[in-house]
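Below is one structure, written out as structure tokens; comments come after it.
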Amino acid sequence: MTTIASIGTGNMGTALLKGILSADEKLDVRATTNSAASAKRLAAELPNATVTSVEDDAEANRKAAEGADFVFLGVKPWMMAETVRDLSPSLNAGSVLVSMAAGVAMADLATLAPQNPIVRIMPNTPSSIGHGVIALAPSAKVDGTTVDTLRTLLSGAGLVVALDEAEIPAMTGISGSGVAYFFLLAETMIAAGMKMGLSEETAKQMVVATADGAGRLLTEKPDPSAQRQAVSSKGGTTLAGLQTFIDAGLFDTTAAAAQAAGDRSLEMEKENSEVING
């Protein structure tokens, strides 16, 4: 039986574990949190997992990691060094460390746990409902069978895409952070509807349903350019609206936003590397 330890299980870790367990409830899942209160909440959300807190047991993280096949690291980036150093005595040489932390490079993780294979993953928030995108970047120590196993485990949370670590900033720019761009567009569309006379509730209902329908249609027919052109009749309302976006520089703005998010992830790697390496 595959054993998974989830250390510092926050919102994203919970989302991933829900997806993993939805695909295979027979896994041995051990999850830890910092506080007893959060452990109680997590246990209610993950009835098939063993949940403990550091508040109740100072050894909780080490006990969870002991003998685990995969150790998911869900702590904040600035807590990574302390957490992994604390876990090290309990880790088997074959335990695969799976880091969910943004801005922590594999080379720095390898400094903390040189004997262990390391994988970086970068999920986005729709993983909580099984519709996420999860980037998976394995280190050279991780064999193909292990990658396949991890891909299968994560597939319950959404689309798993294998990437090189150098490609993670791009994923961050368009998908990890990208969901927020859609949310921001939805906010602005709701505000526009209200400015044109709709109530907030009506505008919100219409925009949310429009986003849902557009996403479903794009999933079935994954060619956004073709879908856009199909609804853009010459001289029509949609083309008038789209041209406003284009004239305002939407393409350049979107590229700049993605680049900014990707660049920030690299800056975080440098900052966290300095913390890890002193």
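The values are calculated or read from the model by the stated rules, or taken from the named source; none is laboratory data. For clarity, every value in this text was computed on a predicted model and none was experimentally measured. All Cβ positions, glycine included, derive from the backbone under ideal geometry; neighbour counts span all protein chains shown. Note: accessible area is taken over every heavy atom of the protein model, side chains too, but ligands, DNA and RNA are not part of it. Shrake-Rupley method; radii C 1.70, N 1.55, O 1.52, S 1.80 Å.
Converting phi to 3J(HN,Hα) with the Karplus coefficients 6.51, -1.76 and 1.60 and the offset θ = phi - 60°, region 238-255 yields 5, 5, 4, x, 4, 4, 5, 4, 5, 5, 7, x, 4, 4, 5, 5, 5, 4 Hz in sequence order, with x at every glycine or proline. Computed over protein heavy atoms with a 1.4 Å probe, the carbon and sulfur contribution to the accessible area of region 209-278 reaches 59%. Under 10 Å, Cα contacts only: if you run a Gaussian network model on the chain, which one of Glu187, Glu55, Glu25 comes out with the highest mean-square fluctuation? Looking only at Glu187, Glu55, Glu25, the biggest GNM fluctuation is shown by Glu187. Magnitude of the charge dipole for region 130-231, about its Cα centre and with charges confined to Cβ atoms of Lys, Arg (+1) and Asp, Glu (-1), is about 240 debye.
How big is Rg to Rh over region 106-189, alpha-carbon atoms, Rh as the Kirkwood inverse-mean-distance radius?
Here the Rg-to-Rh quotient is 1.05.
With charges only on Cβ, +1 for K and R and -1 for D and E, what is the dipole size of the chain about its Cα centre, in debye, rounded to 20?
Dipole size: approximately 560 debye.
Accessible area per residue was computed with a 1.4 Å probe on protein heavy atoms; Glu201 scores about 100 Å². The H on the amide N of Ala162, modeled in the peptide plane, is under 5 Å from the matching H of Leu136, each at least 5 residues off or on a different chain. Averaging over all projection directions, the Cα-based convex hull of region 1-47 occupies 2.9 nm² in the image plane. Restricting attention to the chain, the count of lysine pairs at 8 or more positions apart or across chains with alpha carbons under 25 Å apart stands at 15. Shown for region 64-149 is the translational diffusion coefficient from the Stokes-Einstein equation, using the Kirkwood radius over Cα pairs, a temperature of 37 °C and a viscosity of 0.692 mPa s: 248 µm²/s. 3J(HN,Hα) couplings calculated from phi for region 43-59 with the Karplus curve 6.51 cos²θ - 1.76 cosθ + 1.60 (θ = phi - 60°) are, in sequence order, 4, 5, 7, 10, x, 8, 10, 8, 10, 9, 10, 5, 4, 7, 8, 4, 8 Hz; Gly and Pro show x. Of Asn277, Pro222, Pro126, whose Cα points farthest to the positive end of the dipole of the chain (charges on the beta-carbon: +1 Lys, Arg; -1 Asp, Glu; origin at the Cα centre)? The listed residue farthest towards the positive side: Pro222. Shown are Phe182, Phe245, whose ranking by accessible area with a 1.4 Å probe and every protein chain present, most to least, is Phe182, Phe245. Note on Ala44 and Ala211: their simple-model spin labels are 2.7 nm apart, each label 7 Å out from Cα toward Cβ. For region 92-227, what is the relative contact order in percent, using Cα pairs closer than 8 Å and at least 6 residues apart in sequence? About 16 percent, as a whole number. In this structure, the amide hydrogen of Val51, modeled 1.01 Å from its nitrogen in the peptide plane, lies closer than 5 angstrom to those of Ala31, counting only residues at least 5 positions away or on a different chain.
May I ask for the distance between the Cα centers of region 210-237 and region 2-26, given as a whole number of Å? Region 210-237 and region 2-26 have Cα centres separated by 35 Å.
Dividing the Cα radius of gyration of region 236-278 by 2.2 N^0.38 Å, with N the residue count, gives 1.98. As a calculated quantity, the FRET efficiency between Asp28 and Lys234 at R0 = 41 Å, using C-beta atoms, amounts to about 0.10.
Of the Cα atoms belonging to the chain, the radius of gyration and Dmax stand at 21.3, 69 Å. When the Gaussian network model of the chain links Cα atoms closer than 10 Å, the mean-square fluctuations of Leu91, Leu154, Leu217 top out at Leu217. Across Arg62, Arg120, Arg228, the residue with the most accessible area heads the list, and the full order at a 1.4 Å probe is Arg228, Arg62, Arg120.
Sorted into 5 angstrom bins from 0, the C-alpha pair distances of region 32-185 split as 2, 9, 17, 20, 21, 17, 10, 3, 1, 0 percent. Heavy-atom accessible surface of Lys63, to the nearest 10 Å², is about 120 Å², with a 1.4 Å probe and all protein chains retained. Phi-derived couplings, Karplus 6.51 cos²θ - 1.76 cosθ + 1.60 at θ = phi - 60°, listed residue by residue for region 203-210: 4, 5, 4, 5, 5, 4, 5, 5 Hz, with x used for Gly and Pro.
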